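The values are calculated or read from the model by the stated rules, or taken from the named source; none is laboratory data. Computed from a prediction, not measured in an experiment: that's the story for all the values here. Cβ coordinates were reconstructed from backbone atoms using ideal geometry, including for glycine residues, and neighbour counts include every protein chain displayed. Areas reflect the complete protein model, heavy atoms only, side chains present, ligands, DNA and RNA absent. Shrake-Rupley method; radii C 1.70, N 1.55, O 1.52, S 1.80 Å.
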Amino acid sequence: RGDFQLAGTQLLPGTMIGRALPLVSGLHQVHLSPGYDVADALAELQSHPWVAYAEPDFHITTSVTPNDARFDEQWSLDNLGKTGGTIDADIDALGAWDVHTGVDWAHPDLAANMWVNQAEAGGLAGVDDDGNGYIDDIHGYDFFNHDGNPTDDNGHGTHVAGTIGAVGDNNTGVTGVNWDVQIMALKFLGADGSGSGSDAIEALQYAVANGATISNNSYGGDPFSQIFLDAITAARDAGHLFVAAAGNGNIFGIGIDNDATPFYPAGYESDNVLAVAAVDHNDQLATFSNYGATSVDVAAPGVNILSTQPGGGYQLLSGTSMATPHVAGLASLVWDAKASWTYDQVIDQIVNTSDVLPGLSGLLTTGGRINAATALGNPEPPPPPPPPATLPHQDDFNDGTAESFVVRAG
Ligand code: CA
Ligand code: CA
């Protein structure tokens, strides 16, 4: 650890220091030459006087479950009472997002809500016009392929982006939770939905450095990493809210208790992490959804969610990956409405206004599913009382059943 420039130097035989990741002070990637053993190299690095700690670069995957079912409506937004629409027209877009498999930023339902780096949009191809270290990063960056085109070759990021902020009221396709928002595409997972932790940290670093106040993190499964926790804590110190998927169960697809078996990054104990489980359209915890009475905060719709897909179309997907952007989108709406709030106030508002549900009791810190209308201070009126269960018919013929009559006036 140190704040001096180390990239390109050889710390030990076979270990070349790579890129700096200054989101965490002194953090660097280290490349190991062929023929050297990872465990041996880690042990030597740990004992080097310059090194505070060293970890293997971990593997990350998306938190989506395959699903082929067809629905023809976005129940999740119906369930949220379409509240994004109620307040949309006068909201200034302040939020921006980290979408990890990239985004089809030309999708007709997304293009108008993509973040634009104006200096690059009006700049020269092949030139880092704004001097932020990334060439041609107009809508974000691709940390997997190391270029300025974070388009989506997987489908996951475009789906997540549409749930956060597909353009609303445009006579096209679907509607995001926030109709008018800025989505920054930060890709660090490849076409197969997997990638490395160091690229994830660089993406988070970019998000913080370029003004994204919220990140949507629909991935996970890596082991505990002190380095990743330090990165999230550094993002917190910059005021950044980190919304993360609770994960999609064990190898059989059955949700597990994250309190007993932590799932990262949702499980990192930094107070800017908001961990999200998935419910279905009956407000029941999805069978695949992880849970945790102390480690998972809220639930959101995550089964058969209709959203955007690369190439201009739409598709249904299920997973805590799909629940998480509902919360990220709501966080943006709350933050838009309360611009002076800090990340912890936004989290408190979302948590404290969730609908506590019997089916979630004891499974989440809140036991609740998010409620956008209540979170925005505009709760829906209670539904009208149900009609009487039985009409006041009598058993006039005394045959054990109530008679009913049709009476024609006249
Ligand atoms: Ca740039
Ligand atoms: Ca450029």
**Fill in**
Condition set near ligand 2 (Cβ under 10 Å from one of its atoms) and under 12 Å from ALA185 (Cβ atoms), scope the stretch 132-156, selection least open to solvent (accessible area, probe 1.4 Å): answer is ASP137
**Fill in**
Checked the stretch 306-331 for anything open to solvent by 20 Å² or more (accessible area, probe 1.4 Å) and polar (S, T, N, Q); matches are GLN309, GLN315
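Residue-by-condition table, conditions (1) assigned to a loop (DSSP other than H, G, I, E, B); (2) open to solvent by less than 60 Å² (accessible area, probe 1.4 Å):
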residue: MET16; (1), (2): no, no
residue: LEU23; (1), (2): yes, yes
residue: GLY26; (1), (2): yes, yes
residue: PRO34; (1), (2): yes, no
residue: HIS48; (1), (2): yes, yes
residue: ALA54; (1), (2): yes, yes
**Fill in**
Checking ASP109, ASP137, ASP104, ASP152 in turn, the sole residue that is away from ligand 1 (no atom under 13 Å from the Cβ), touching a helix residue (DSSP H, G or I) at 6+ places or on another chain (Cβ under 8 Å), within 27 Å of ILE232 (Cβ to Cβ) and in a loop (DSSP other than H, G, I, E, B) turns out to be ASP152
**Request:** Confirm whether VAL334 is at pLDDT 90 or above, open to solvent by less than 20 Å² (accessible area, probe 1.4 Å) and assigned to a helix (DSSP H, G or I).
**Result:** yes
**Request:** Among the residues of the stretch 196-227, count how many are closer than 18 Å to THR320 by Cβ and surrounded by 24 or more Cβ atoms within 10 Å (Cβ to Cβ).
**Result:** 8
**Fill in**
Taking the stretch 114-126 and keeping residues open to solvent by less than 60 Å² (accessible area, probe 1.4 Å) and within 14 Å of ligand 2 (Cβ to nearest atom) leaves VAL116, ASN117, ALA119, GLU120, ALA121, GLY123, GLY126
**Close pairs (9 angstrom Cβ cut-off, 6 or more residues apart or separate chains): more than 12 Å from TYR141 (Cα to Cα) and at pLDDT 95 or above in the stretch 113-124, away from ligand 1 (no atom under 11 Å from the Cβ) and outside any helix (DSSP H, G or I) anywhere** = ALA121/HIS139
**Asked** Considering the stretch 299-316 alone, what residues qualify as being part of a strand (DSSP E or B) and under 11 Å from ARG369 (Cβ atoms)?
**Response** ALA299, ALA300, PRO301
**Criterion (more than 16 Å from ligand 2 (Cβ to nearest atom), at pLDDT 95 or above and of a type in the set (Asp, Glu)) met by exactly one of ASP169, ASP129, ASP230** = ASP230
**Enumeration of residues in the stretch 336-354 that are touching a Gly at 6+ places or on another chain (Cβ under 6 Å) and either without any contact (Cβ under 8 Å) to a residue 60 or more places away in the chain or of a type outside the set (Ser, Thr, Tyr) (or both)** = SER354
**Message:** Give all pairs with beta carbons closer than 6 Å in which a residue from the stretch 30-56 that is over 16 Å from ILE227 (Cα atoms) and at pLDDT 90 or above meets a residue that is part of a helix (DSSP H, G or I) and among the hydroxyl-bearing types (Ser, Thr, Tyr); count only pairs at least 6 apart in sequence or on separate chains.
**Reply:** none
**Complete:** Screening VAL327, VAL296, VAL276 for residues that are within 21 Å of PHE228 (Cβ to Cβ), part of a strand (DSSP E or B) and within 17 Å of the chain's Cα centre (by Cα) leaves only VAL276
**Request:** For the stretch 350-367, indicate whether the set of residues that are in a strand (DSSP E or B) and either open to solvent by 10 Å² or more (accessible area, probe 1.4 Å) or at pLDDT 95 or above (or both) is non-empty.
**Result:** yes
**Asked** For residues in the stretch 233-254 being modelled with pLDDT of 95 or more and over 14 Å from the mean Cα position of the chain (by Cα), which is surrounded by the most Cβ atoms within 10 Å (Cβ to Cβ)?
**Response** ALA235
